[in-house]
Amino acid sequence: MSQEPVKVAPSDKDDYLICPFDEGHYILRSRMAVHLVRCAPNHHGSKKVRCPFNITHVCAITEMKIHVNKCPNRSAFEEFVNPDRLTTPEALPHENKGEIECSENWDDEPDQPTYNPSANCAQKFVICNPQGNPPAVRREIREMERLRFQRNEKF
């Protein structure tokens, strides 16, 4: 007895989309782009093309011109191409009312010298880590550190 399988859609239909190549595939909205990359090679004979504004929109060649004119992602592309033609008043940039006067000049060099980490560590109680050196050099560094700490007993 051969029965045709019953197509059952997943329970939460808002999160799932139907594959444009195979109506038996119900794909999560977030996984549709990955699914189309894997599913499209299996359907070479289908005359379907992808929308230039969103790769998850797949239509027949004959319907694509209509889809491109009505595509919801077209507005984002139009704003990208023509940023000076903003449609919403909230998106309009604020008027530049001139330069703001400032007494600071960030191009001037600072009065303080640059930071020297070796000199800073030599004045403070910071232990030098002699790893990566041969044993003889490590012993020498440890001995120099002991002498330095004895000289600077104020720590």
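Answer yes or no: is there a residue in the stretch 122-130 that is surrounded by 10 or more Cβ atoms within 10 Å (Cβ to Cβ), among the small types (Gly, Ala, Ser) and at pLDDT 80 or above.
No, the stretch 122-130 contains no residue that is surrounded by 10 or more Cβ atoms within 10 Å (Cβ to Cβ), among the small types (Gly, Ala, Ser) and at pLDDT 80 or above.
Filter the stretch 19-61 down to residues that are within 18 Å of Pro72 (Cα to Cα), in a strand (DSSP E or B) and without any contact (Cβ under 8 Å) to a residue 24 or more places away in the chain and give me whichever is farthest from the chain's Cα centre (by Cα).
Step by step, filter the stretch 19-61, then rank; the result is Ala60.
Would you mind stating whether Thr87 is touching a Ser or Thr at 6+ places or on another chain (Cβ under 9 Å), part of a loop (DSSP other than H, G, I, E, B) and either at pLDDT 90 or above or of a type in the set (S, T, N, Q) (or both)?
yes
Just checking, how many residues over the stretch 102-155 are part of a loop (DSSP other than H, G, I, E, B) and basic (Lys, Arg)? Write out each step before concluding.
Going residue by residue through the stretch 102-155, those that are part of a loop (DSSP other than H, G, I, E, B) are 102-116, 124-134, 152-155.
Next cut, basic (Lys, Arg) only: 124, 154.
Looking only at that region, the number is 2.
Which is of a type in the set (Asp, Glu) and either modelled with pLDDT of 90 or more or in the same structural domain as Val37 (by TED's automatic domain parsing) (or both), of Glu109, Glu79, Glu104?
Values: Glu109 fails: either modelled with pLDDT of 90 or more or in the same structural domain as Val37 (by TED's automatic domain parsing) (or both); Glu104 fails: either modelled with pLDDT of 90 or more or in the same structural domain as Val37 (by TED's automatic domain parsing) (or both).
The match here is Glu79.
The values are calculated or read from the model by the stated rules, or taken from the named source; none is laboratory data. As the structure is a computational prediction, the values presented were derived from the model and not from experiment. Note that we place each Cβ from the backbone using ideal geometry, even for glycine, and neighbour counts take in every protein chain shown.
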